[in-house]
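**Student:** My structure is below; once you've seen it, I'll send some questions.
The values are calculated or read from the model by the stated rules, or taken from the named source; none is laboratory data. Small disclaimer: the values here were computed from a predicted structure and weren't measured. With ideal geometry, Cβ positions are generated from the backbone for all residues, glycine too; neighbour counts draw on all protein chains shown.
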Amino acid sequence: MILRLLLWTLGLLASSALAQTETLPRAVPVDAQAERTSPARTARAARRSPTPPPAGQPRPLVALPENWIFQSAASDEFSGTVLDEEKWQSDVPSWGTWSWDPANVSLGGERLALRMVHEPHQRARRTLHYKSGVVRSRDRFTYGYFEARIKGCQVHPGASPGFWLYSIGEERGNVRYSEVDIVELLQATGVVNRPSLMDFNLHARILDREGKEVILGPTTDPEICANRWRAPFDPRRGYHVYSAMVTPKRIVWFVNGRQVASQENLHWHLPMHLVLSLALRAPHVRQVGDKREPVPEKARDRGFPTTMEVDYVRVWTPPGPRRTATRQ
Ligand SMILES: [Ca+2]
């Protein structure tokens, strides 16, 4: 019995030593980490950060390289009652099948709320039926780790909460436009009309060898641009953390600290604005060729206004020039 107890104690000590060895923090270069990361490894990494952040600074949900820097100028806990216009722009020019209106952006209860309303109006001699809210960072980022805690809106299908990055105007090499969708919620329709499906897509416009502009996206180039994941939860029912790490070699997406997608970074090297927005989707828009058109006969009040909520946005970047000089 005593021998048994001794062996049991030794076993316990050994396994505890092993556990300690396993939890020793290690700095992993980000590209190596992206290559080697398994969901289980990511979940373990998410529970321990290599070095605790300085007091008062938030901790990323995903282990980052130790020298990455928290960017308070583009991070926001949304604690006040007024949007910080030093960081964010809400009067963004409209495009597409609905219009942005700063009236649909509000703060309160430690949250940013972006609302979509059924509000028929004219824009560019067209009748559109919905208005919505957007906030776009004044700063731009080429590489970094972008994290937000978001609760989806209640309408589905019809509206899609988005957290994304996009370039405006700038061109480098053969790249004319760069967009990284950190997450788009609730936009799956048709036979897979499920609220738990979420998208992590890439879009770009590049010039081919003949100088002809080519549009890259999840429909035309799914192998390099499309990522979809079925979450084990309904994003309308609660807050979840959505994030992406953009590095020169790879783009990796996470939900609640778990890696859900990874792509080689082929074309996404332009400075981009960080955006939170609530977009209109089918059945209120339909795809006609490569364009989205409004669907007036489906426009209705029912379900609207609908609101997505954001608890926080946090940004970390690699050392070095963290952003290009422009603030737009
Ligand atoms: Ca908050």
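**Student:** So which residues in the stretch 256-304 are within 30 Å of R138 (Cβ to Cβ) and free of Cβ contacts under 8 Å to residues at least 12 places away in the same chain, if there are any at all?
**Tutor:** K291
**Student:** Being in contact with a Lys or Arg (Cβ under 8 Å, 6 or more places away or on another chain) and away from the ligand (no atom under 14 Å from the Cβ) is the filter here; which residues of the stretch 68-78 pass it?
**Tutor:** Hits for the stretch 68-78 are I69, F70, Q71, A73, A74.
**Student:** Look at the stretch 84-104 and say how many of its residues are more than 13 Å from the ligand (Cβ to nearest atom) and part of a loop (DSSP other than H, G, I, E, B).
**Tutor:** So the answer is 13.
**Student:** Can you tell me which residue among F254, F233 is among the hydrophobic types (A, V, I, L, M, F, W, C) and over 30 Å from E171 (Cα atoms)?
**Tutor:** F233
**Student:** Here's a check for you: in the stretch 116-135, which residue that is of a type in the set (K, R) and within 15 Å of V92 (Cα to Cα) is surrounded by the most Cβ atoms within 10 Å (Cβ to Cβ)?
**Tutor:** K131
**Student:** Moving on. When N174 is evaluated against the numbered criteria (1) farther than 28 Å from A231 by Cα; (2) touching a Ser or Thr at 6+ places or on another chain (Cβ under 9 Å); (3) surrounded by fewer than 21 Cβ atoms within 10 Å (Cβ to Cβ), which criterion, by number, is the only one it fails?
**Tutor:** (2)
**Student:** If T81 satisfies every condition in (1) outside any strand (DSSP E or B); (2) more than 16 Å from the ligand (Cβ to nearest atom); (3) under 21 Å from T306 (Cα atoms) but one, which is the exception?
**Tutor:** Only one criterion in (1) outside any strand (DSSP E or B); (2) more than 16 Å from the ligand (Cβ to nearest atom); (3) under 21 Å from T306 (Cα atoms) is unmet by T81, namely (2).
**Student:** Residue check: is V82 exposed (fewer than 12 other Cβ atoms within 10 Å of the Cβ), of a type in the set (V, I, T) and either in contact with a Pro (Cβ under 7 Å, 6 or more places away or on another chain) or at pLDDT 80 or above (or both)?
**Tutor:** Criteria met by V82.
**Student:** While we're on this one: I need every pair where a residue in the stretch 307-319 that is within 21 Å of R236 (Cα to Cα) has its Cβ under 6 Å from the Cβ of a residue that is outside any strand (DSSP E or B) and within 9 Å of the ligand (Cβ to nearest atom), sequence separation at least 6 or different chains.
**Tutor:** Pairs that qualify, where the first residue is within 21 Å of R236 (Cα to Cα) and the partner is outside any strand (DSSP E or B) and within 9 Å of the ligand (Cβ to nearest atom), are Y312/E77.
**Student:** Further question: Quick check on my filter: what residues within the stretch 105-134 are without any contact (Cβ under 8 Å) to a residue 60 or more places away in the chain and either in contact with a Pro (Cβ under 7 Å, 6 or more places away or on another chain) or more than 16 Å from the ligand (Cβ to nearest atom) (or both)?
**Tutor:** Once the filter is applied, which keeps residues that are without any contact (Cβ under 8 Å) to a residue 60 or more places away in the chain and either in contact with a Pro (Cβ under 7 Å, 6 or more places away or on another chain) or more than 16 Å from the ligand (Cβ to nearest atom) (or both), the stretch 105-134 yields E119, H121, Q122, R123, A124, R125, K131.
**Student:** Now, a different point. If you go through the stretch 278-305 one residue at a time, how many are within 24 Å of T220 (Cα to Cα) and of a type in the set (G, A, S)?
**Tutor:** Looking only at that region, the number is 3.
**Student:** I've got another one for you. Would you mention how many residues in the stretch 153-206 are under 20 Å from Q89 (Cα atoms), part of a loop (DSSP other than H, G, I, E, B) and among the small types (G, A, S)?
**Tutor:** Qualifying residue count, the stretch 153-206: 2.
**Student:** Which of the residues belonging to the stretch 96-128 are of a type in the set (D, E) and either within 20 Å of D76 (Cα to Cα) or modelled with pLDDT under 95 (or both)?
**Tutor:** Within the stretch 96-128, E110 is the sole residue that qualifies.
**Student:** Answer yes or no as to whether T307 is at pLDDT 95 or above and within 16 Å of the ligand (Cβ to nearest atom).
**Tutor:** yes
**Student:** Let me ask something else about it. Which of the residues that make up the stretch 286-309 are in a strand (DSSP E or B) and under 13 Å from P157 (Cα atoms)?
**Tutor:** Residues satisfying the conditions are R286, T306.
**Student:** What residue, among those in the stretch 286-312 that are in contact with a Phe, Trp or Tyr (Cβ under 8 Å, 6 or more places away or on another chain) and closer than 22 Å to P195 by Cβ, is surrounded by the most Cβ atoms within 10 Å (Cβ to Cβ)?
**Tutor:** Looking at residues that are in contact with a Phe, Trp or Tyr (Cβ under 8 Å, 6 or more places away or on another chain) and closer than 22 Å to P195 by Cβ, I get F304.
**Student:** Something else: Mind listing whichever residues of the stretch 252-267 are crowded, with 23+ Cβ neighbours inside 10 Å and closer than 18 Å to G162 by Cβ?
**Tutor:** W253, F254
**Student:** Only one of (1) in a strand (DSSP E or B); (2) without any contact (Cβ under 8 Å) to a residue 24 or more places away in the chain fails for R209. Which number is that?
**Tutor:** All conditions are met except number (1).
**Student:** Only residues that are in contact with a Leu (Cβ under 9 Å, 6 or more places away or on another chain) and assigned to a strand (DSSP E or B): list them for the stretch 241-271, please.
**Tutor:** Those that are in contact with a Leu (Cβ under 9 Å, 6 or more places away or on another chain) and assigned to a strand (DSSP E or B): V241, Y242, S243, A244, M245, V246, I251, F254, Q263.
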